[in-house]
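The values are calculated or read from the model by the stated rules, or taken from the named source; none is laboratory data. For clarity, every value in this text was computed on a predicted model and none was experimentally measured. Here the Cβ positions follow ideal geometry from the backbone for every residue, glycine too, while neighbour counts run over all protein chains shown.
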Amino acid sequence: MKRALVAAVAFLALGSGAGAKAATAVSSNWAGYAVSGTTYRSVSGTWTQPAASCASATSSQTASAFWVGLGGDSDATNALEQTGTEADCAANGLATYSAWYELVPAASAKAPLKISAGDRISASVQVAGTSVTVKLRDLTTGRGFTKTLRMAAPDVSSAEWIAEAPSTITPVGTTILPLTDFGTVRFTSATATTTSARTGTISDSAWSPIRIDLVSAGGGPGPGRGFGPFAPAAGGIEAVASRLAAGGSAFSIAWSQTG
């Protein structure tokens, strides 16, 4: 993500089961899938970089991030290891695309990888002790980025494939930005590997998947929807994850704006 943006750990409210063996949840900033029930050493996935529709972004900045990661699906820790891409709209309607990585609670950092709408992206995060390796590859251009960092206490209790409404720091605290209209993003080749070396898709019987929809933190889409990473989801639907397909390794997330 951009350095001006900080990732917010999702607040999940469990609901009734839906999809392929997946419980359902809502979040004020995440949409997609998370798995838990064991510990993980790596996560990977691919997606096509969505095009930002900025026609309506005439009075405020909007942002959207697409990533894979480990951790962040528990209120027992603030840690989260992630890497992905972003599609943002400036207040003047200009669309920008970027690549980034982040080891929460540290700030995000921009990856030196040029991204364009329509590019096919492959991403992975791997944790070994206190060593975290993030990898991004633009399969369309053939260029990639790999970085290994140290982290005091990585969270390996969950794995995620997410479209996110990022947050920004304001004079009064942290607020979730309006979600960029990205249309639809489809994740494929979504797999995770446990610390005991078992590799499986989201629907693998070794863990429990959760399907997450992004619901604004009150008042419907737009700025000022609530402050802080744990703002409750109570407003309009902004992004909806589909049921799992392709043996549990693929799904789509559709932008929405339901008041």
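Against the test of being within 17 Å of THR168 (Cβ to Cβ) and among the aliphatic types (A, V, I, L, M), the options ALA106, ALA99 yield a single qualifying residue, ALA106. Among the residues making up segment 207-220, those that are part of a loop (DSSP other than H, G, I, E, B), at negative phi and modelled with pLDDT under 95 are SER216, ALA217.
Limited to segment 116-144, what total is found for residues that are in contact (Cβ under 8 Å) with a residue 60 or more places away in the chain and out of contact with any Pro (no Cβ under 8 Å at 6 or more places or on another chain)?
Residues of segment 116-144 in contact (Cβ under 8 Å) with a residue 60 or more places away in the chain: 116-128, 139.
Then drop every residue that is not out of contact with any Pro (no Cβ under 8 Å at 6 or more places or on another chain), which leaves 116, 118-126, 128, 139.
Qualifying residue count, segment 116-144: 12.
Take the residues in segment 45-57 that are assigned to a loop (DSSP other than H, G, I, E, B) and either in contact with a helix residue (DSSP H, G or I) (Cβ under 7 Å, 6 or more places away or on another chain) or modelled with pLDDT of 95 or more (or both), then tell me which one is surrounded by the most Cβ atoms within 10 Å (Cβ to Cβ). The qualifying residue surrounded by the most Cβ atoms within 10 Å (Cβ to Cβ) is ALA52. In segment 1-24, the residue that is modelled with the highest pLDDT out of those that are outside any loop (DSSP other than H, G, I, E, B), surrounded by fewer than 23 Cβ atoms within 10 Å (Cβ to Cβ) and among the small types (Gly, Ala, Ser) is ALA23.
Considering (1) surrounded by 18 or more Cβ atoms within 10 Å (Cβ to Cβ); (2) free of Cβ contacts under 8 Å to residues at least 24 places away in the same chain, the lone condition that GLY71 does not fulfil carries the number (2). Please determine whether any residue of segment 106-119 is loosely packed, with under 14 Cβ neighbours inside 10 Å, at pLDDT 90 or above and within 16 Å of the chain's Cα centre (by Cα). Scanning segment 106-119, I find at least one residue that is loosely packed, with under 14 Cβ neighbours inside 10 Å, at pLDDT 90 or above and within 16 Å of the chain's Cα centre (by Cα), so the answer is yes.
Residue count for segment 80-105, restricted to those that are surrounded by 22 or more Cβ atoms within 10 Å (Cβ to Cβ) and either in contact with a helix residue (DSSP H, G or I) (Cβ under 6 Å, 6 or more places away or on another chain) or of a type in the set (A, V, I, L, M, F, W, C) (or both): 7.
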